[in-house]
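Step one of this worksheet: look at the structure below.
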Amino acid sequence: MAILAEWGYPEPGDLGPREAPSIIGHAVDLLASRGTTLDELALRAAIPVDLLQIILAAGTLHLLDRQQADFMRS
């Protein structure tokens, strides 16, 4: 999108909210229910556990924002 804008072809309208990797949060919840910890998952994925936590947060922040907005409305 940035390159198209540079070339003078910006998107004609709002594209809506960005994608969020929410499926990974569900997968981690399922694995946790079967006894897999974040440390084990990070080890198997060959990434630092801190990075895994950042990825999970990216996929759940939009859910938290929605829950907070629903709470504020009620």
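A few notes on this one:
- Area of GLU40 that stays accessible when all protein chains are in place (1.4 Å probe, Å², to 10): 80
- Couplings for the range 38-43, taken from phi via the Karplus curve 6.51 cos²θ - 1.76 cosθ + 1.60 with θ = phi - 60°, read 4, 4, 5, 5, 4, 4 Hz in order; Gly and Pro are left as x.
The values are calculated or read from the model by the stated rules, or taken from the named source; none is laboratory data. Source: prediction; values computed, not measured. Surface areas here come from the heavy atoms of the whole protein model, side chains and all, with no ligands, DNA or RNA. Shrake-Rupley method; radii C 1.70, N 1.55, O 1.52, S 1.80 Å.
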